[in-house]
Amino acid sequence: MKPIKLEIEGVNSFLERQTIDFKDVLKEGLFGIFGNTGSGKSTILDAITLALYSKTQKNNKKEEYVNCKAKKAFVSFTFEILCEGRRRTFEFTREIYPGKRAGNASAYEYAGDKKFLLEDKSDQVTRLAEKVIGLNFEDFNKCIALPQGEF
């Protein structure tokens, strides 16, 4: 999986919308996420797992990751992956509202400059993420998003 862009709003310390464009850092190949304690490094990984699986490695209660000053949390993760024998680009988005049982979810695939909706129901978006990536939530966290303190 090659990350392209991550948008985070209302998740943990990211109250205002932040966009991380991975294209520049990927020019050099391998990259790391560095910063002081509390600067949001873990939140970046949480936002990726939220976009794909609708939960984080720390918890599954939205009240614990939606910023208390935010009306909603929003995450969007765009990535490229080898899927079904070819390089494909997907975007997974979630909107999470505190106090409400369900939020909005969608999964898109890009074909050139066009974006096509693949799924728009949370459980179907999660199943598509599992299919595209080839990992369920637990395996993704073991392989991709190593929890803090477990290196």
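The values are calculated or read from the model by the stated rules, or taken from the named source; none is laboratory data. Being a predicted model, the structure only gives us computed values, none of them experimental. Using ideal geometry, Cβ is built from the backbone for each residue, glycine included, and neighbour counts are taken over all protein chains shown. With ligands, DNA and RNA removed, areas are computed over all heavy atoms of the protein, side chains included. Shrake-Rupley method; radii C 1.70, N 1.55, O 1.52, S 1.80 Å.
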By residue number, the members of the range 110-138 that are touching a strand residue (DSSP E or B) at 6+ places or on another chain (Cβ under 9 Å), within 16 Å of ILE4 (Cα to Cα) and surrounded by fewer than 18 Cβ atoms within 10 Å (Cβ to Cβ) are TYR110, ALA111, LYS115
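Got a number for residues in the range 92-109 being of a type outside the set (Gly, Ala, Ser) and over 22 Å from MET1 (Cβ atoms)? Reasoning before the result, please.
Let us first name the residues in the range 92-109 that are of a type outside the set (Gly, Ala, Ser), namely 92-98, 100-101, 104, 108-109.
Still in the list and also over 22 Å from MET1 (Cβ atoms): 95-98, 100-101, 104.
Qualifying residue count for the region: 7.
Restricting to the range 1-59, count the residues that are more than 22 Å from ALA129 (Cα to Cα) and either in contact with a strand residue (DSSP E or B) (Cβ under 9 Å, 6 or more places away or on another chain) or surrounded by 12 or more Cβ atoms within 10 Å (Cβ to Cβ) (or both).
Taking the range 1-59 as the starting set, the residues that turn out to be more than 22 Å from ALA129 (Cα to Cα) are 10, 12-18, 24-41.
Now narrow it down to the ones that are either in contact with a strand residue (DSSP E or B) (Cβ under 9 Å, 6 or more places away or on another chain) or surrounded by 12 or more Cβ atoms within 10 Å (Cβ to Cβ) (or both): 10, 12-18, 25-26, 31, 33, 39-41.
Qualifying residue count for the region: 15.
Take the range 19-54 and flag every residue that is among the polar types (S, T, N, Q) and more than 13 Å from the chain's Cα centre (by Cα). Even if it seems obvious, please write down each step before you answer.
So the first thing to find is which residues in the range 19-54 are among the polar types (S, T, N, Q), and the list is 19, 36-37, 39, 42-43, 49, 54.
Within the range 19-54, ASN36, THR37, SER39 qualify.
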Would you please name the residue that is farthest from PHE79 (Cα to Cα), looking only at residues in the range 98-109 that are open to solvent by less than 70 Å² (accessible area, probe 1.4 Å) and at pLDDT 90 or above?
-> ALA105
Could you tell me whether the range 130-148 includes any residue that is outside any strand (DSSP E or B), among the polar types (S, T, N, Q) and at pLDDT 95 or above?
-> no
